[in-house]
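Below: one structure, written as structure tokens.
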Amino acid sequence: NNLDDEKTIQMGPRTSSHKMIQLALAQDQNDLSKYLKDAIATNQHQDYSYSLQYSGSIDWASSHHSAALVDQMETAATSFAWIAIANNDNCTWPALFLPKGTDLILLYDSNALVKTKRRNGNGRPIKLDFGLWNQLSHIHVHWLSLSHPPETLANMITRILLGSDAGNATNKIDTEDDTTPLKSDSTAATFNGMAVSLKTKGSTCKVHCIGENWMWNAAHYRSCHVQHLCFDLDSKTFVLPTTSTAEESSNHNDSLLPLLLPMDSVSTWVDPQTTKVMMGHSIRHSTSKDAWFPQQQSSRQKQHYDSYYALDPNVVWLPFFAEQPNINNPGHLLWDFWLPMFTLVELFLITQEEEDGAKMRESLPTLLLTNLDSSCTKGATTDPSCYKMVSKFLPLLGVPNDSLVSTTESQLQAPNTEDANSPQLVCAENGLMGIGMLTDHGSKKHGQLAEDYQSVQNIGRGPMFWRFRNFMLKNLKQQQQQQQQGVVESSSNGRRPPWKITFSVNSSQNPSRRRNMERQIEVAQKVFPPGETNELGIVVESVQLDQLTLEAQTNLMDETAVFVSVMGGSASTAMFLRRDTSLILYYNDIDDFVKGKNSKTVDGSTMPNRMDWDFWNNASYLRVHWLPIQTMDSENDLKSFARLLQVEVNTAMHTMA
């Protein structure tokens, strides 16, 4: 905040109704500036006044004083919107300091094309840094072509701004109830086991999507936050309702949608043809038919949309598709479903305030999961083992088992539902969708192909993995009524004796990976024998994880300093280890090798599959080691294993004592 002794940036928009729109345009954009001023003056809402401030390009390299930089940052931090030439860094960089919920409109040149090897057709327009801007979830980022007539472009920009919550937006959950229940006994109503109340004040949904790449696979990268996501009890589908009072504005936006060019994008408008997301299908094998989005419906299409049953404001709705058989595996379940869901909540900064002693602190909300098909839910006949696996791990998300219901089986339990005038919507203040590329492996497999090793999906996600781990443990402890205050790491500040070396035995159905670890356990017991000679109090223990409850597994990880396992889905339990503990994974170099081009190692041998390497090698809170199965019982390997145990235990003593 203090980049200069005499300048302090006041973060956040002005508190008055005066909202500043900042123009960072080139000298030849005077026509756009004029049309934009006229359009805003004509269309502005009566509760607001707008002013435009022109800013030309600035040569920051020639600036010798930080005051100019601070001025631009302060201007952005107090602006309602920032409109800039897309490929001019001098015009765009201050937009990083826009307040939450404001709008950045980037104007690109349709004639400046990327280089392409295609013989027919032109390349795509250059959009510098789109990978940064289109991942910013705290602001709304839009792209419009300068080839639009200035008057049309001004109208588009005006509609974007007038439909925005810019300057007033917050994703903190509002627990203030400004509506009145129709019935005094409405609090007795439930939907899929979650409490709902009857509301008479209609609300129009707002959509904000990130991740646009303008390619055929855009749905793979797109994630969306929907404010006021609803479920139609008649059609058993998710809908985006529009109240009668908001239809005029919505229809105006619909009339502008056809004017958008293929490379334009408005992150707060929904195009029924192109605004789609992936909900859990495999990215590698999905098609455009797998993409999904709630249906848009207005009060004219459906009666009783101006009243609805409201879920608790703290509930965030997460529709998803439980792809089988992947969700049957604990590793797939945690990293292909639970992790992306947690990521969505973090991406869109949705929090609630709760008491922490005498203080208030932000925490993550309650999640409601609804399966978009009939599989993997209670009572499903197609694969009952799937629901058994999912229900075992639901407590990690803080989700009650009874609330996981498919769309076709979702039910409202409320008084007078047979009344013809009874509302037909159940709504949540916040809904999130778009799992897509948020899994641990994205469009890659888990290490079975050579191409899986040519790019890294999880760079920089180590701190998120740690927060994900803590989030799940906290939920589990809350359900067991053993909640601890603050971040759940342990019952004390450091690790307490006895120190455990835990072996996961017979953890795979694959014969080459199903190992009893007998020789390795013997080595550990020789290095750290029981009795007085074991001054460190090391305990060597072997377990078969699939025979333990989820609570027992996480408690075991809390007591473990070194965890030894073969690679695979069963090793996913190791993500509950504490910070600075060690994970030793044995990979299958007997009959499991990567396939595809460039699968040879430096010495010419074929590379063994190191399953889930992308997750483990980026889990920065752990020390991860990989050892081969084929020679694991040789004398040389056992000596190396013994030395590794000594080093890791000593390291744990110094880092965690």
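The values are calculated or read from the model by the stated rules, or taken from the named source; none is laboratory data. Computed from a predicted structure; not experimentally measured. All Cβ positions, glycine included, derive from the backbone under ideal geometry; neighbour counts span all protein chains shown. For the accessible areas, the whole protein counts, side chains as well, though only heavy atoms, and no ligand, DNA or RNA atoms are used. Shrake-Rupley method; radii C 1.70, N 1.55, O 1.52, S 1.80 Å.
Scanning the stretch 266-296 for residues that are within 29 Å of D103 (Cα to Cα), open to solvent by less than 20 Å² (accessible area, probe 1.4 Å) and either touching a Gly at 6+ places or on another chain (Cβ under 7 Å) or not hydrophobic (A, V, I, L, M, F, W, C) (or both) yields a count of 5.
In this structure, R643 qualifies as part of a helix (DSSP H, G or I), closer than 23 Å to R519 by Cβ, at pLDDT 90 or above and among the charged types (D, E, K, R). For the stretch 414-431, filtering for residues that are under 36 Å from the mean Cα position of the chain (by Cα) and modelled with pLDDT under 90 leaves 5. In the stretch 130-147, the residues that are more than 21 Å from K100 (Cβ to Cβ) form Cβ pairs under 6 Å with partners that are open to solvent by 30 Å² or more (accessible area, probe 1.4 Å), at six or more places apart or across chains, as follows: S145/S110; S145/L261; L146/D109; S147/S110. Residues that are farther than 24 Å from I40 by Cα, open to solvent by 50 Å² or more (accessible area, probe 1.4 Å) and at pLDDT below 90 number at least 2 in the following helices (runs of 4 or more DSSP H) confined to the stretch 78-162: 89-92. Annotation note: Cβ proximity below 7 Å between a residue of the stretch 613-630 that is assigned to a helix (DSSP H, G or I) and a residue that is crowded, with 16+ Cβ neighbours inside 10 Å and among the acidic types (D, E) (sequence gap 6+ or interchain) occurs for D614/D440; F615/D440. Is it the case that V207 is part of a strand (DSSP E or B), at pLDDT 75 or above and within 18 Å of P423 (Cα to Cα)? For V207, the condition - part of a strand (DSSP E or B), at pLDDT 75 or above and within 18 Å of P423 (Cα to Cα) - is not met. Considering the stretch 587-612 alone, what residues qualify as being more than 19 Å from H441 (Cα to Cα), open to solvent by 40 Å² or more (accessible area, probe 1.4 Å) and not in a loop (DSSP other than H, G, I, E, B)? I590, D591, K600, T606 - these are the residues of the stretch 587-612 that are more than 19 Å from H441 (Cα to Cα), open to solvent by 40 Å² or more (accessible area, probe 1.4 Å) and not in a loop (DSSP other than H, G, I, E, B).
Pairs linking a residue in the stretch 209-237 that is of a type in the set (G, A, S) to a residue that is in a loop (DSSP other than H, G, I, E, B) and surrounded by fewer than 19 Cβ atoms within 10 Å (Cβ to Cβ), with Cβ atoms under 7 Å and 6 or more positions apart or on different chains, are G211/Q135. In the stretch 597-622, the residue that is modelled with the lowest pLDDT out of those that are more than 28 Å from the chain's Cα centre (by Cα) and of a type in the set (K, R) is K600. For D254, the requirement of being touching a helix residue (DSSP H, G or I) at 6+ places or on another chain (Cβ under 9 Å), modelled with pLDDT under 90, acidic (D, E) and open to solvent by 40 Å² or more (accessible area, probe 1.4 Å) is not met. Taken residue by residue, the stretch 574-586 has no member that is assigned to a loop (DSSP other than H, G, I, E, B), more than 24 Å from Q646 (Cα to Cα) and among the acidic types (D, E).
Residues considered: D558, D612, D589, D580. Of these, the only one that is acidic (D, E) and either in contact with a Lys or Arg (Cβ under 6 Å, 6 or more places away or on another chain) or under 22 Å from Q525 (Cα atoms) (or both) is D558. For S565, the criteria (1) of a type in the set (G, A, S); (2) under 26 Å from F465 (Cα atoms); (3) open to solvent by 10 Å² or more (accessible area, probe 1.4 Å) hold in every case but one, which is (3).
Mind checking which residues of the stretch 380-407 are open to solvent by 40 Å² or more (accessible area, probe 1.4 Å) and in a helix (DSSP H, G or I)? Those that are open to solvent by 40 Å² or more (accessible area, probe 1.4 Å) and in a helix (DSSP H, G or I): P384, S385, K388, M389, K392, N401, D402.
Taken together, the residues in the stretch 514-544 that are modelled with pLDDT of 90 or more, in contact with a strand residue (DSSP E or B) (Cβ under 7 Å, 6 or more places away or on another chain) and either part of a strand (DSSP E or B) or among the hydrophobic types (A, V, I, L, M, F, W, C) (or both) amount to 9. Taken over the stretch 517-548, the criterion of being farther than 15 Å from L638 by Cβ, within 40 Å of the chain's Cα centre (by Cα) and in contact (Cβ under 8 Å) with a residue 12 or more places away in the chain is satisfied by I538, V539, E541, S542, V543, Q544, L545, D546.
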